[in-house]
Amino acid sequence: MAKPKLALYWAASCGGCDVAVLDTNEKILDIANLADIVFWPIAVDFKYHHVRAMEDKSIDLCLFNGAIRSTEQEEIARLLRDKSKVMVAFGACACFGGIPALANFANREEIFQTVYHELPSNSNDSGTTPLTKTEVAEGELELPELFDTVLTLEQVVPVEYFVPGCPPPVDLILKLVDLFASGQLPAVGSVIASDKTLCDECERIKEEKKITKLYRPHEIIPDPNKCLLEQGIICCGPATRGGCGLRCIEANMPCRGCFGPPPGVTDQGAKLVSAIASIYQGDNEDDIKRMVEEMVDPAGTFYRFGLADSMMKRKRLHKR
Amino acid sequence: MKTARRIPLLKKMLAQLGIEDERVRLDWVSASEGDRFARIVNEMTEQIRQLGPFSNNGGGENG
């Protein structure tokens, strides 16, 4: 019997998700034994035209990492969707927009202005910016067009499963592979992670959550045994799905929210506003003002990985 | 009391997302202040009407 076909792709991402697949170490050989890798730009030399030549639904499993923010990424997402039986949003960027979706606090024009004109490290006296079409002696050159808004994979094509994380931990990758290999994939739409919050899984000592000052991680050396939130450090654990293996918590760093909202929570950022404001002690205007000042960048902190997937999706665009 | 803390923090976040401050208002009205309640609701309604319909992307492309 022919082996199942596996495709992996990266869109707007850092490459960390692909490295996470390689982090399965010797288990990568099991994956290679189990499936034929038919497309994987970071590791295997197949091109887009090879994928286009495949029959529809001939790829059994596609692990798609990265958000969608250009015409090329959108095109390949649609292509792989057509060719794949099972599409997995792999990693925080594909699931929720991830770090690239912080660009949704700006738009394309502002990004180009900063990156190509204003950055002090630039040397761009002629003011060149990338164009989608450029005439040269040999003909016309084309570049993908950047969107104003970074999108999640599911905002572009239907997705069967979600594996969150920045990057997804090895045990969840292997769990997905096992479920796939044994034909036991759960209901479509499932998130391959825990159904609890990170706080539920965290083993730090938790007492009463009452804080009188918020600290940013560089302002304090946290007690490694006590709840970080109780020490005044913004930890996204109350409104973040568990299953990550507590990697940050065990490194004495607060949760940054890369597993997205837990079941039943629509908007991770709104939930975190509620949680932080609830435990901050203060009942007069000065206390409240101090809390708001200490929370330096609420939108960027609470939607660090989830802006594209939030109710607002982006900062409002005001165009001419 | 939690609400008194949540709303200012929420407003700071909404401002970062480009949402006008006037779209969210926190006020305290007792059950005996019917007139005041009606006045505040009318004010709020009129304020929102002047701001116009809310759209996520301000009418831009690529939502």
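When residues of the stretch A:57-75 are filtered for being under 20 Å from the mean Cα position of the chain (by Cα) and surrounded by fewer than 22 Cβ atoms within 10 Å (Cβ to Cβ), how many remain? Can you show your working first?
Taking the stretch A:57-75 and keeping what is under 20 Å from the mean Cα position of the chain (by Cα), we get A:61-75.
Within this subset, residues satisfying the condition of being surrounded by fewer than 22 Cβ atoms within 10 Å (Cβ to Cβ) are A:70-72, A:74-75.
Of the residues in that region, 5 qualify.
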Task: Residue count for the stretch A:143-160, restricted to those that are more than 13 Å from chain B (Cβ to nearest Cβ) and either farther than 22 Å from residue A:62 by Cβ or in contact with a His (Cβ under 8 Å, 6 or more places away or on another chain) (or both) - done: 1
- [ ] Could you list all residues from the stretch A:268-309 that are among the polar types (S, T, N, Q), closer than 22 Å to residue A:100 by Cβ and out of contact with any helix residue (DSSP H, G or I) (no Cβ under 6 Å at 6 or more places or on another chain)?
- [x] A:301
TODO: May I ask you to list the residues in the stretch A:95-128 that are assigned to a helix (DSSP H, G or I) and away from chain B (no Cβ under 14 Å)?
DONE: A:95, A:96, A:99, A:100, A:112, A:113, A:114, A:115, A:116, A:117, A:118
Open item on the list: Condition first: in contact with a helix residue (DSSP H, G or I) (Cβ under 7 Å, 6 or more places away or on another chain) and either over 30 Å from residue A:111 (Cα atoms) or basic (Lys, Arg) (or both). Now tell me which residues in the stretch A:146-160 satisfy that.
Closed with: none
Task: Residue ID - farthest from the other protein chains (Cβ to nearest Cβ), chosen from residues in the stretch B:37-63 that are surrounded by 11 or more Cβ atoms within 10 Å (Cβ to Cβ), at pLDDT 90 or above and closer than 30 Å to residue A:104 by Cα - done: B:44
Open item on the list: Suppose we filter A:289, A:315, A:271 for residues that are facing chain B (nearest Cβ under 8 Å) and buried (at least 18 other Cβ atoms within 10 Å of the Cβ); which single one remains?
Closed with: A:315
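Just wondering, is there one or more residues in the stretch B:7-22 that are out of contact with any helix residue (DSSP H, G or I) (no Cβ under 7 Å at 6 or more places or on another chain) and exposed (fewer than 11 other Cβ atoms within 10 Å of the Cβ)?
We begin by selecting, within the stretch B:7-22, every residue out of contact with any helix residue (DSSP H, G or I) (no Cβ under 7 Å at 6 or more places or on another chain); these are B:7, B:14, B:18-19.
This time we only want the ones that are exposed (fewer than 11 other Cβ atoms within 10 Å of the Cβ), so: none.
No: zero hits.
The values are calculated or read from the model by the stated rules, or taken from the named source; none is laboratory data. Computed from a predicted structure; not experimentally measured. Every residue, glycine as well, gets a Cβ built from its backbone with ideal geometry; the counts of neighbours run over all protein chains shown.
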